[in-house]
Amino acid sequence: MTSSPVVTAPAAPRRRRFERPNFWTLAGLPGIVYLIAVFGIPLVFIVVRSLTDPSPANYAAVVEDPLYSASLWRTVQIAFLVTVLSLAIGYPLAYAMARSGKRLAMVLGAALLLSFWTSLLVRTFAWQVILNNTGLVNQFLLGTGIIDEPIPLIRNLFAVLVGMVHILIPYAVLAIYASLRGIKPEVEQAAQSLGASPWRVFTRVTLPLSLPGVAAGGILVFVLSLGFYITPALLGGPGDILISQSVVLQVQQYLQPGMGAAMAVVLVALVLLVFVIATRFIGLGRILGVTGAPGGESR
Amino acid sequence: MKANPAIKIFGLVIAFVLVAPTIIVVATAFTESSIITFPPKGFSFRWFEEVLTSRQWIEALQNSLITGAIAAVLAVVVGISLAMAAARGTAIPRTGLTTFALMPMLVPLVVIAIGVYLAFVQIGFYGNVFALGVAHSILGIPFVFINVLAALTNLDPRVEEAARASGASYPITLLRITVPQILPSAFVGGLFAFIASWDEVVVAIFLVTPGFKTIPVMIWSQVREGLEPSTSAVSTVLTVVTLVVFGIVALLNARKSKRTATS
Amino acid sequence: MTATQENPMRATTRTIDMPLAERKERGRAKGAALRLEAVRKVYGDNIVANDVTLDIEPGEFVTLLGASGSGKTTLLRMIAGFLEPTAGVITIDGKDVTSVPVHKRKIGVVFQNYALFPHMNVLKNVMFPLEMHKVPKVKRKELARDALAAVKLENFEDRMPSQLSGGQQQRVALARAIVMKPRLLLMDEPLGALDRRLREAMQLEILKLSRELGLTVINVTHDQEEAFTMSDKIALLADGTLIQYDEPAALYSAPVSEVAAEFLGESNRFEGQLVHEQQRWFVRADDIEVELTASAADGFAEGDRVVAVIRPWSISLSSADSDEQGSVGTVSALIYAGESQKVLVETPLGREFIVRRSLDSADEQLHEGQLVQLSWRPDHVVITRPR
C-alpha cells in the first residue's frame, strides 16, 4: 500500500521533432540535387561512355586483354599486401598510443597526425627523394661501401609498396586505436587478477576485443589501396601499372575514353562489392571513421 | 595495462618513420645547391625566393586558394542541406541518404576524376576556378556532412520549438536558430573541404589547362620531370598551409570541448 | 493585445492572494479561454490521448498531472501546435486553432530544459519573439527589459545562456515566453530540472507573475505537490485518458476512482462493501470496518463495492494496552522523513497502515514492536469506486 502510481502506461513515443518534418526533407533537396548533378551524373556519364564508345565490347576487352586483367590482378595483390603490412606495423603503434603515459601518447599521436595531414603528393615526393639513385638510402649504402653502384629502389613495385604503406598506416592506426581505447581497463585488469600473464591477457582479451577495429581499418586500407593513383604513378615502373593508372592512360594517352570508362566501372564495382560485403559485418561509419581527415587521396 | 618498453620503442621508431619524409622534404627546401641533397648543403631561402617571385607559382597559388575557397563554401552549403534531410527528413530513408552523401569517399578518386572530366568537358566547363571548385566540392561534402550530422543530432529540438512558439516560421527557424548552432561544426567541415581541394591532384589534372594550373598540379608535373629544390620549397608551403588549417581545427575543437566541460 | 497598452508586467497589485472568482474577472480581459473537444492522438495502435475534453476558463492556472506516459505532454504539445490531433477540436477563445501552425498561435511556451537560444545573449533571447511578431525596433528593447524586470533579471542582459545558473535560465525562458504578452502560457515541466528549494521558490514566483498578468496557464507536471501548490484546477491523466478535472481540494477529498486516489499521494485503501446501519455508514471488509459520514456516501448506494481512502496524516496513534474499539496494530517501522515521521503499523491480520506524524508534535515517542491503537475521524474518510 504505497503512493506510487500503479498506472504504468506503455511509454508513448515522444515526438520531439516538428510536426511536419517534411520541411527538413525540403531543406535537403538543394543538396541532393547538387550532389546528383555534379557527382551522380558524371558517374552515369562513365557508365554510358563505357557502353557506347564504341560498344559494350569494352568490357570484354578489359577482361580478356592480358595487359588489363594483369593490372587488375596486380592491384588486388598490392592492395592485399599493403593492408597486411599496414595492420602489422600499425597495430603496435596503436597499442603504444593507447596503452602509454600521456606524454608518449601525445608524441606518437602528434607524429601520426603530422604524417596524416601532410599532402599525399608531398609524401610521395619525399619517397622519391629518399629512394632515388642519388637519394638518402643509396648514398648511405654507397658511403658505407656495402654497394658499389646505386641499387634501383624506385620505379618498381617495392617503392610503390613502401609509399602506399607509409601513407595508409595512419588509417589503420586510427581505427585500431579507437577500438583499443574502447576496451574498458577493468576487463584487462580482471584477466590479470585471474592470473593471466601479460601475453595471455593480450592474446585472449585485448586482441580479440580490438578485432573490429582491425577489420574496419583493414577494409578501409584495402579499399583505398584499390584506387591509388599518385603513388604508383610516381614511384612505380612503367611495366607494372595498377588499374587506376590504366584508367588514366586510356583516357589521356590512348584517347580511348570508352575503355577507360569501362575499367573505371570495374574498379568502382570492385570497391563497392568490398563495401557491401564489409558493411554486413561492420558499420559504414566505423569503416570511414569520423576521426578521419582528408589528407589528399583518401579514397 | 601499460604497453611494455619494447612496444613503446617500436612505436617511437614507426612514428619517426612516419614523419621523416615530411621533415626531409622541408629540410631539402633550404639547400643552397641546385640539386636536392640530404642532408642539405648550407642554408638559404633561395628556393623560396625563386618560387615566391615566379609569376607562374603565384598564379597557381592564387588559383589553389580560390578553388579551395569555392569548394569549401559549396561543400558547406550542400553538406548542411544533406545533413538536415538525413537528420530530420522523413520521405527519404536515413541510411540511404547517408550512404549517398558519403559516396564521394567510397568511389576512387580516379573514377570521380574521369566522370567529372567526361561530363564537364562536354559542356565546356573546365580550365577555371569555378569548374575545379565545383569538382572539388564533391570531395569536401562528406566531411561537412559528417560534422553537421553529428551537430544536428546533438541539438536540442526544443530550442527550435521555442523559436516556433516565439512566432518564427520554419524557414526563419532554420536560418536564425538551427544554422547558427551548427555553424561551428560546418566551419570545421569546411576547413577539411578546403584541404581536400588544396592538395588534390588527380581531379585537377583533368580540368586544368596550360593557362590554368594549381599548386599540386605544378608540383605533379615538376616531380615527373626531375627532382628540384624548388619543388621542396613549394611542398613546404603547401604543407605549412595545411598544418595551419588543421591547427585552427584543433584549436576550435579544444575550445568546444572546454566549453562543454564548463557548462 | 498590442505593445502600446500599458505594461501589465509593471503592475504592482498583489494578486496572488486574490480569490479565483475575482481573478477570473480580471483575467477575462487578458487570459484566453481554452477548450479541448474530444481530442485524440494515436500513434499506430497506441492511443496517447483518448478523447480528452477539457474546458479552461480565462485566467485559470491548470495543471495537467500524470505519470510519465500518461499523455500529459502530448496534450500540451497539441495545445501548443507542435502536434496535430488525430481527431478532435482545440479552440482558443472560441476560435478553432486545431490546425493553426505554432508560430501563428501567439502563445508562450516554457520548456523543462529552458531551451534558450544558445547563440544569443539574454536580451536577444527575450527580444526574439518581438522581432518575429514585427514589433517596431525602437520598442523591442524596452519591452524585453520590462519582461526581464518582471523575472528579476535586470542586470543579465549581456550574458550568454551558458553563463547562467539553471534558475536564471528558467527566468530568461519565462521572460521570453511572456514578453509578447500572450494570453495563454504553456509550461512543460518547467521546474523539473531545478533542485527542490529553487523549485519551491520558482513555483511561487511563476504563480505570482501569471496572476499579475492575468494569464491562462497550462502547466504539465508529474509532481503532485507542485500541482497542488500552484493550480486552480488539476486535470489528472492516466493512459491518455482524463481521469478527473477539478479543484485540488475536491480532487483530494473526492477522488472519482481508486486510480485518482492512488495518484494523489500516499493513502490507506480498503476495498469493501458499503453498508448502512442505524443511520450510520460503513465500509465493511473481511478484517476491518470503516465508518464514514453520510455526505461522503453521497452518490453511492448501500451494497456498492467501494474503496475507502484514509490519508496517512488523518490517522492518529496512541498506545494500546486497553482493549478498545477500532484497530490495533504493531509498529513495524519508523521512518524519519524531514519534518515528519512515517510510521508503518501492521494489524494482527496482516494489513499494513501508513501513518504520518509531525515530529515536533507532543505525541508520545513510539518504538518498533509497540502495540498501538489507530484512530481517525469519520469525516476524514472518503470513498471511491474500485478500479
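The values are calculated or read from the model by the stated rules, or taken from the named source; none is laboratory data. Computed from a predicted structure; not experimentally measured. Positions of Cβ are generated from backbone atoms using ideal geometry, with glycine treated the same way; all protein chains shown enter the neighbour counts. The protein model used for the area step is the full one, side chains on, heavy atoms only, and it has no ligands, DNA or RNA in it. Shrake-Rupley method; radii C 1.70, N 1.55, O 1.52, S 1.80 Å.
Summary of packing: across the peptides A:171-179, C:37-45, the per-residue average of other C-beta atoms within 10 Å ranks them, highest first, as A:171-179, C:37-45. Karplus-based coupling profile of the range B:49-54, in residue order and whole Hz: 4, 4, 5, 6, 9, 7, with θ = phi - 60° in 6.51 cos²θ - 1.76 cosθ + 1.60 and x standing for Gly or Pro. Give the distance, in whole Å, between the Cα centre of the range A:86-123 and the Cα centre of the range C:92-150. The range A:86-123 and the range C:92-150 have Cα centres separated by 51 Å. Under a model in which nothing but the beta-carbon of Lys, Arg (+1) and Asp, Glu (-1) is charged, chain C shows a dipole of about 2980 debye around its Cα centre. Panel note: contact residues of the range B:140-173 (accessible area lowered by at least 30 Å² against the chain on its own; 1.4 Å probe) correspond to B:F143, B:I146, B:P157, B:R158, B:V159, B:E161, B:A162, B:R164, B:A165, B:S166, B:G167, B:Y170. Mean separation of Cα pairs under 8 Å and 6 or more residues apart, divided by the residue count, gives chain C a relative contact order of 16 percent. As a size descriptor, the averaged projected area of the C-alpha convex hull of the protein assembly as shown was calculated at 53.1 nm². With contacts taken as Cα pairs under 8 Å and at least 6 residues apart, the range A:40-288 reaches a relative contact order of 31 percent. Amide hydrogen proximity for B:D199: with H placed 1.01 Å from N in the peptide plane, no residue at 5 or more positions away or on another chain lies under 5 Å.
Counting Cβ atoms of other protein chains within 10 Å of each residue's Cβ and taking the mean over peptide C:66-76 gives 3. Peptide A:164-171 has a mean shielding of 1, counted as Cβ atoms of other protein chains within 10 Å of each residue's Cβ.
Relative to the longest principal axis of the Cα atoms of chain B, the long axis of helix B:229-262 lies at roughly 30 degrees.
Label-to-label distance, A:V76 versus C:A149, with points set 7 angstrom from Cα along the beta-carbon direction: 8.1 nm. Sequentially through the range C:222-231, phi angles give Karplus couplings (6.51, -1.76, 1.60; θ = phi - 60°) of 10, 9, 5, 5, 4, 4, 5, 5, 9, 8 Hz, Gly and Pro residues having no value and appearing as x. Highest-first packing order for the peptide set C:131-137, C:112-118 is C:112-118, C:131-137, based on the mean count of other beta carbon atoms within 10 Å.
What the phi angles of the range C:284-294 give under the Karplus curve with 6.51, -1.76 and 1.60, with θ = phi - 60°, is a coupling list of 10, 10, 4, 10, 8, 9, 10, 8, 9, 7, 5 Hz, glycine and proline written as x. Just tell me, in residue order, which DSSP H segments of chain C are both 20 angstrom or longer along the helix axis (alpha-carbon based) and at least -1.0 in mean Kyte-Doolittle hydropathy. Length and hydropathy pass: C:137-150, C:196-213.
Accessible surface buried at the B:A interface totals approximately 8500 Å², computed with a 1.4 Å probe on protein heavy atoms. In the protein assembly as shown, the DSSP beta bridges split such that about 75 percent are antiparallel, to the nearest 5. Per residue, the average separation of C-alpha pairs within less than 8 Å and at least 6 apart gives chain B a relative contact order of 28 percent. Summary of the geometry: the range B:105-175 and the range B:27-72, compared by the centres of their Cα atoms, lie 32 Å apart.
Counting only protein heavy atoms and using a 1.4 Å probe, the accessible area of A:S119 comes to about 0 Å².
Per-residue shielding of A:123-134, expressed as the average number of other chain Cβ atoms within 10 Å of the residue Cβ, stands at 6. Taking A:T144, A:T118, A:T134 as the candidate residues, the one with maximal mean-square fluctuation in a Gaussian network model of chain A, Cα springs under 10 Å, is A:T144.
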